[in-house]
Amino acid sequence: MTVVDHHKELFETAHLYQIFKDNEDTEREAKAHLFAKKILKNNFIIGFAGHFSSGKSSMINALTGETLLPSSPIPTSANIVNVQKADTDFAIVNMRNEKPVYFPENYDFNAVKEFCKSGEVTQIDIGHQASVLPKGITVMDTPGVDSTDDAHRLSTESALHVADMVFYVMDYNHVQSELNFNFTKELQKYTELYLIVNQIDKHQNSEMSFVDFQQSVHDSFAAWGVVPKGIFFTSLKDFEFPGNDFEQVKSLVSSTMQNWEGHVGEASDSALSQLKDEHIKYLEDEKAERLDAFSAVLDPQEWEMREDLKKEHALVSRRMSVQDFESWQATFEKNRKELLENSNIMPYELRNALTSYLKSVQPNFKVGMLFSGKKTEEERQKRQQDVQERLDSTVSSQITTHIKKLMKSSLKDANLLSDSESLAIDDIVFTVPFSVVKEQTPAGASVTGDAVLNFAKSISTAVQRWFIRETDGWKKRKKRSLKV
């Protein structure tokens, strides 16, 4: 990052911090403060999160060559630990409601451990003179997400938001848990996210092929809207285990450490944009609550006369102070993503139709004895038409109506919704072509329950992607109407 970029990013963070502070948004204020500290240090943070039992600490040691706490372990299950190379050894214990405590060279680790027992420690910064980490790299270890209370988890999330890349490590036996899906879904909004499924040496091919297991992991996270930069499958117990991606992960970490200066700030830009979106939502929620409270006690005439209305107008003005095209675009994309992920594209009736359709495209599918070729083709067309009609109906009720409302509301938020714009949106026709289904149809797959489930999931994802493509052109055309 150049000096100019450094100053620009710091200025933007300071500007946002003041807006958050003025609007009493303490959560965003605290996150902006963390960003400012990161920018001033101008370093690249590689974060690690995940299950307490996943072998996360061993993974950190193996990937970075850094034993985080070599002389005496700190109970990291409850604390965030940052480690970096330094000219001299030191430790800084950051407290929740008190000033940080600094331990200089040759400090007593037992004293640091005593502080950790109080429950007031939020983060420990460690400097190692003998560290193998390159200068400018910080490795962050966080509490196990499945062993912390809500306060610790919130602290972990806030800390990881400033990381430039995060490796989320999971135990092989606990990959597809709702906790993983929810945590990584939020995390990917802020940083470059990679998933590591560790301890794959536990896999038994007799139960499921390893390839099918890998695919099920990819499909499950995709179904929750989690699309990381990469998913790796590793074992630290058996490096020769088939499918072990450990060397790939190590190569990625090594390459990042050597070339980090070309990428520092990229994740910060994304995270700051996300903070803007969160703050706008915060102001909208605050406004809604206040409007509800006022409307209960005031009649329309009094409403217009009250001084409180001026504050509401000021609130909207402050909201717009963080709104430009990039922010508007990010907000629209975020809301669109949530809308598509929450839509029920695969009701029971459509899944049944897909099962019948999948059977009809099998090579051995046949209807009748005489003139079977013609009857078979007619039946295939009938089943295809059934899928198309049910898909059209589902998409219309679950997506089309809502996405048009989103398009209108996004323009309304930017004071750009005119009658002509509203009518133009109403006139847009969203018809998902059958090619979207056909492209997802597995070749030669047997019609099992799992095959149908995977087929349905892949179609759901493909429909979501189709709507994203269809609305991206409209979104980009709005750039001319917004101030850049």
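Mind listing the long-range amide H neighbours of PHE52? Cut-off is under 5 Å, sequence gap 5 or more, other chains count too, H placed in the peptide plane at 1.01 Å from N.
VAL145, ASP146, SER147
For a quick check of your reading of the filter: which chymotrypsin sites (Phe, Trp or Tyr not before Pro) in the stretch 395-484 sit in a DSSP loop and have no more than 11 other Cβ atoms within 10 Å?
Nothing satisfies the criteria.
Which whole-Hz couplings ³J(HN,Hα) result when phi for each residue of the stretch 242-253 is put into the Karplus expression 6.51 cos²θ - 1.76 cosθ + 1.60, θ = phi - 60°, listed in order with x for Gly and Pro?
x, x, 6, 9, 4, 4, 5, 5, 4, 5, 4, 5
If you count only protein heavy atoms and use a 1.4 Å probe, how large is the accessible surface of SER418, to the nearest 10 Å²?
Ignoring ligands and nucleic acids, SER418 comes out at about 50 Å².
Reachable lysines from LYS250, Cα under 22 Å, same-chain residues fewer than 8 places away excluded?
LYS56, LYS85, LYS135, LYS202, LYS229, LYS237
Given charges of +1 on the Cβ of Lys and Arg and -1 on the Cβ of Asp and Glu, with all other atoms neutral, how large is the dipole of the stretch 8-57 about its Cα centre, in debye to the nearest 20? Don't skip to the answer; put the middle values down first.
Details: 8 positive and 7 negative charges, 76 e Å.
So the dipole magnitude of the stretch 8-57 works out to roughly 360 debye.
Cα-Cα over 29 Å: which of LYS37/LYS281; LYS21/LYS476; LYS438/LYS479?
Those over the limit are LYS21/LYS476; LYS438/LYS479.
Can you sort TYR194, TYR348 by 1.4 Å-probe accessible area, starting with the largest?
TYR348, TYR194
The values are calculated or read from the model by the stated rules, or taken from the named source; none is laboratory data. Predicted, not measured: the structure shown is a model, and the values here were computed from it. With ideal geometry, Cβ positions are generated from the backbone for all residues, glycine too; neighbour counts draw on all protein chains shown. Accessible surface areas use protein heavy atoms only, side chains included; no ligands, DNA or RNA. Shrake-Rupley method; radii C 1.70, N 1.55, O 1.52, S 1.80 Å.
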